[in-house]
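Asker: Take this structure first; my questions come after.
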Amino acid sequence: MKLLLTGDIHLGRSSTRISVNGDTTDLRAVSAWRRIVETAFREKVDAVCLSGDIVDQDNRFLESIGPLESEISRLTASGIHVLAVAGNHDFQVLPRVAEHVNSEYFHFLGQGGKWERVTVSDQSGNAVHVDGWSFPQRYVNESPLDSYNLPADRTIPTIGLVHGDLHDAKSPYGFLNINKLRSLDVSGWLLGHIHKPELDCSAGASWVLYPGSPQALSPAEQGVHGAWLTETEGNGLKVPVQAAISSVRYEELDIDMTGISSREAAESRFFECIRQAAQELHDTGHGHCAVLSLRIRLTGESALAHEMEAIATRVREDLTVQHAGLTVQVEKIRNATTAAINLEEHAGTHTAPGALVDILRELDEEKPSVRAHDLLAQVMEDIRRVDRTRDFSTHLDPRAVDETMARDFIRAEARRLLSHLVAQIRNQ
Ligand SMILES: [Mn+2]
């Protein structure tokens, strides 16, 4: 049997921070949903699995109910099963949709936070269990896995559908422990909540998939965004494969400005790197993608470090690049270039710049020192704490906070501080 896997569609929303002159690319999540359904028909799947936050109840959701219901009906009328669980954004809406879609092929699973199993089969008698749990309200502080009680059946594949947070044990959005997921008799887990696609498929264990938002919705949602396909194989499920769906691709691009010493050279470097990014996306196959939105970070040491902000702003205003069939926009530029500072000169000097240089070095070591390790842990916790504050957590979708994010943050701040300290010393 063939299954299509998706979640976090957030019908009602559109890709944000896109402003390309004259471009008419459809940025709406609802259009991505229609492309997903087309993919389901084209791939002749037996079932479509939806892992929550299909509808965004904070954003024009009444307009989304129609297309959601009509496309589900189109699938079920063709004998394709649709299985859905609710997330924190659609715990109220999905039960209403379930009432309207009157088909034995539509299954709203785990209503009220109670695990529920539906077994679907094809005409040749192949079958798969689908175990699902739905958000009963917006916040869930206990782990949905604590109440998993469905019987193990190793004779046919089982897929688990649940919306929740793999990364933060204190999450108010249903913490899911990865080891617990792997220990249950389930062939694969389709999760929802985190918008960045994430596939964990350690050998010998069940795979765990965050399908990600099929339409990339913000500059934080980088990389390929789409839906996923899997097939039953004996009593298991194959590792899912991604099918690109999003009409927008957000990427971060570092441009190294080392050695650049004139305005003209800076502009050329800029355009050359942007065209190259578009070419690379084109060469790897961009599916439905029509807009490439770049968040650029200027790096390296340059004599023009202090002017880089102004140069970048001007280039950005003039910029419309059509390259390799893509419209390219520069959404934001961050200047992380530094004036040439000789780190050696300050290392181990028992001065403020010296202390920063030591921290920068310890962070880059393969095995960070106890101090660097503690600092990373502290910064990760600080970022999570800020993300959890009410203003952010109720309006923004949560993001995975990891060491790379913390390290980049510390490095950038230390560099910035170092430039200021060194400039002060020079000016004394
Ligand atoms: Mn969610």
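Asker: Quick one: how many residues across segment 56-89 are modelled with pLDDT of 95 or more and within 16 Å of the ligand (Cβ to nearest atom)?
Answerer: 5
Asker: Checking Val224 against (1) away from the ligand (no atom under 16 Å from the Cβ); (2) assigned to a loop (DSSP other than H, G, I, E, B); (3) surrounded by 23 or more Cβ atoms within 10 Å (Cβ to Cβ), only one condition comes out false. Which one?
Answerer: (3)
Asker: Taking segment 138-190, which residues are among the β-branched types (Val, Ile, Thr), within 20 Å of Gly212 (Cα to Cα), away from the ligand (no atom under 16 Å from the Cβ) and surrounded by 22 or more Cβ atoms within 10 Å (Cβ to Cβ)? Steps first, please.
Answerer: First, the residues of segment 138-190 that are among the β-branched types (Val, Ile, Thr): 140, 155-156, 158-159, 162, 178, 186.
Subsequent filtering for residues that are within 20 Å of Gly212 (Cα to Cα) retains 159, 162, 178.
Now restrict to residues that are away from the ligand (no atom under 16 Å from the Cβ): 159, 178.
Hit for segment 138-190 is Ile159, nothing else.
Asker: Can you pull out every residue in segment 101-116 that is surrounded by 16 or more Cβ atoms within 10 Å (Cβ to Cβ) and either within 16 Å of the ligand (Cβ to nearest atom) or modelled with pLDDT under 95 (or both)? Working first, answer last.
Answerer: Here is the first cut: in segment 101-116, the ones surrounded by 16 or more Cβ atoms within 10 Å (Cβ to Cβ) are 101, 105-111, 113, 115-116.
If the condition is that a residue be surrounded by 16 or more Cβ atoms within 10 Å (Cβ to Cβ) and either within 16 Å of the ligand (Cβ to nearest atom) or modelled with pLDDT under 95 (or both), then Val101, Gly110, Gly113 are the ones that fit.
A quick yes/no check of all residues on (1) under 26 Å from Lys196 (Cβ atoms); (2) more than 16 Å from the ligand (Cβ to nearest atom):
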residue	(1), (2)
Thr25	yes, yes
Arg35	yes, yes
Glu38	yes, yes
Leu94	yes, no
Glu99	no, yes
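Asker: Which condition breaks for Thr258 when tested against (1) more than 16 Å from the ligand (Cβ to nearest atom); (2) in a loop (DSSP other than H, G, I, E, B); (3) over 30 Å from Ala339 (Cβ atoms); (4) among the β-branched types (Val, Ile, Thr)?
Answerer: Exception for Thr258: condition (3).
Asker: Right, here's the next one. Identify all residues within segment 69-99 that are within 23 Å of Asp46 (Cβ to Cβ) and under 22 Å from the mean Cα position of the chain (by Cα); write none if there are none. Spell out how you get there, then give the answer.
Answerer: Taking segment 69-99 and keeping what is within 23 Å of Asp46 (Cβ to Cβ), we get 69-86, 94, 97-98.
Within segment 69-99, Ala84, Val85, Ala86 meet the criteria.
Asker: Given the residues Asp387, Asp397, Asp382, Asp408, which is the only one that is assigned to a helix (DSSP H, G or I), surrounded by 12 or more Cβ atoms within 10 Å (Cβ to Cβ), within 16 Å of the ligand (Cβ to nearest atom) and within 26 Å of the chain's Cα centre (by Cα)?
Answerer: Exactly one of Asp387, Asp397, Asp382, Asp408 is assigned to a helix (DSSP H, G or I), surrounded by 12 or more Cβ atoms within 10 Å (Cβ to Cβ), within 16 Å of the ligand (Cβ to nearest atom) and within 26 Å of the chain's Cα centre (by Cα), namely Asp387.
Asker: Select, from Gly112, Gly132, Gly125, the only residue that is over 16 Å from Thr232 (Cα atoms) and in a loop (DSSP other than H, G, I, E, B). So that I can check it myself, show each step before the final result.
Answerer: On the way: Gly132 fails: in a loop (DSSP other than H, G, I, E, B); Gly125 fails: over 16 Å from Thr232 (Cα atoms).
It is Gly112.
Asker: Within segment 204-221, identify whether any single residue is part of a strand (DSSP E or B) and within 19 Å of Val120 (Cβ to Cβ), and answer yes or no. Before the answer, list the steps.
Answerer: Narrowing segment 204-221 to residues part of a strand (DSSP E or B): 207-210.
Within this subset, residues satisfying the condition of being within 19 Å of Val120 (Cβ to Cβ) are 209.
Yes.
Okay, residues lined up against (1) part of a loop (DSSP other than H, G, I, E, B); (2) of a type in the set (Phe, Trp, Tyr):
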{"site": "Val20", "(1), (2)": "yes, no"}
{"site": "Asp23", "(1), (2)": "yes, no"}
{"site": "Trp33", "(1), (2)": "no, yes"}
{"site": "Val37", "(1), (2)": "no, no"}
{"site": "Ala40", "(1), (2)": "no, no"}
{"site": "Val45", "(1), (2)": "yes, no"}
{"site": "Asp53", "(1), (2)": "yes, no"}
{"site": "Ile72", "(1), (2)": "no, no"}
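Asker: Restricting attention to segment 8-23, and to residues there that are touching a Pro at 6+ places or on another chain (Cβ under 9 Å) and on the phi > 0 side of the Ramachandran plot, which single residue is nearest to the ligand (Cβ to nearest atom)? Give the derivation first.
Answerer: Start the filter on segment 8-23 by keeping residues that are touching a Pro at 6+ places or on another chain (Cβ under 9 Å), which leaves 8-9, 11, 16-17.
Imposing the further condition that a residue be on the phi > 0 side of the Ramachandran plot reduces the set to 8, 17.
Numbers: Asp8: 6, Arg17: 21 Å.
That would be Asp8.
Asker: When you check Val330 against the structure, is it touching a strand residue (DSSP E or B) at 6+ places or on another chain (Cβ under 7 Å) and not acidic (Asp, Glu), yes or no?
Answerer: So Val330 fits the description; yes.
Asker: Same structure, new question: Within the set of pairs 6+ apart or on separate chains, which have a first residue in segment 1-24 that is within 30 Å of Asn235 (Cα to Cα), a second that is within 16 Å of the ligand (Cβ to nearest atom) and modelled with pLDDT under 95, and C-beta atoms under 7 Å apart?
Answerer: Final answer for the pair search is none.
Asker: Right, another one. Output yes when any residue across segment 237-255 is more than 23 Å from the chain's Cα centre (by Cα), more than 26 Å from Asn21 (Cα to Cα) and not β-branched (Val, Ile, Thr), and no when none is.
Answerer: Within segment 237-255, one or more residues are more than 23 Å from the chain's Cα centre (by Cα), more than 26 Å from Asn21 (Cα to Cα) and not β-branched (Val, Ile, Thr).
Asker: Moving to a separate point now. Say we look at segment 335-375 and pick out the residues that are of a type in the set (A, V, I, L, M) and more than 23 Å from Leu298 (Cα to Cα); which of these is surrounded by the most Cβ atoms within 10 Å (Cβ to Cβ)?
Answerer: Restricting attention to segment 335-375, the residues satisfying the condition of being of a type in the set (A, V, I, L, M) are 336, 339-341, 343, 347, 352, 355-357, 359-360, 363, 370, 372, 375.
Still in the list and also more than 23 Å from Leu298 (Cα to Cα): 347, 352, 355, 370, 372, 375.
Numbers: Ala347: 13, Ala352: 15, Ala355: 16, Val370: 8, Ala372: 20, Leu375: 18.
Per the criteria, the residue is Ala372.
Asker: Moving on to the next point. Please find, within segment 349-379, the residue that is farthest from the chain's Cα centre (by Cα) out of those that are farther than 21 Å from Ala423 by Cβ and in a loop (DSSP other than H, G, I, E, B).
Answerer: Ranking the candidates gives Ser369 first.
Asker: Within the set of pairs 6 or more residues apart or between chains, which connect a residue that is under 17 Å from Pro197 (Cα atoms) inside segment 392-410 to a residue that is of a type in the set (S, T, N, Q) with Cβ atoms less than 8 Å apart?
Answerer: Pro398/Ser171
Asker: Turning to a different aspect of this structure: Of the residues Thr284, Thr258, which single one is in contact with a strand residue (DSSP E or B) (Cβ under 7 Å, 6 or more places away or on another chain) and not hydrophobic (A, V, I, L, M, F, W, C)?
Answerer: Values: Thr284 fails: in contact with a strand residue (DSSP E or B) (Cβ under 7 Å, 6 or more places away or on another chain).
Step by step, each of Thr284, Thr258 is checked, and only Thr258 is in contact with a strand residue (DSSP E or B) (Cβ under 7 Å, 6 or more places away or on another chain) and not hydrophobic (A, V, I, L, M, F, W, C).
Asker: What pairs come out if I take residues in segment 166-194 that are assigned to a loop (DSSP other than H, G, I, E, B) and pair them with residues that are among the hydroxyl-bearing types (Ser, Thr, Tyr) and more than 16 Å from the ligand (Cβ to nearest atom) whose C-beta lies under 8 Å away, six or more apart or interchain?
Answerer: Close Cβ pairs (under 8 Å, with a partner that is among the hydroxyl-bearing types (Ser, Thr, Tyr) and more than 16 Å from the ligand (Cβ to nearest atom)) amount to Leu184/Tyr148; Leu184/Ser206; Asp185/Thr158; Val186/Thr158; Val186/Ser206; Ser187/Thr158; Ser187/Ser206.
The values are calculated or read from the model by the stated rules, or taken from the named source; none is laboratory data. Computed from a prediction, not measured in an experiment: that's the story for all the values here. Neighbour counts run over all protein chains shown; Cβ positions are idealised from the backbone, glycine included.
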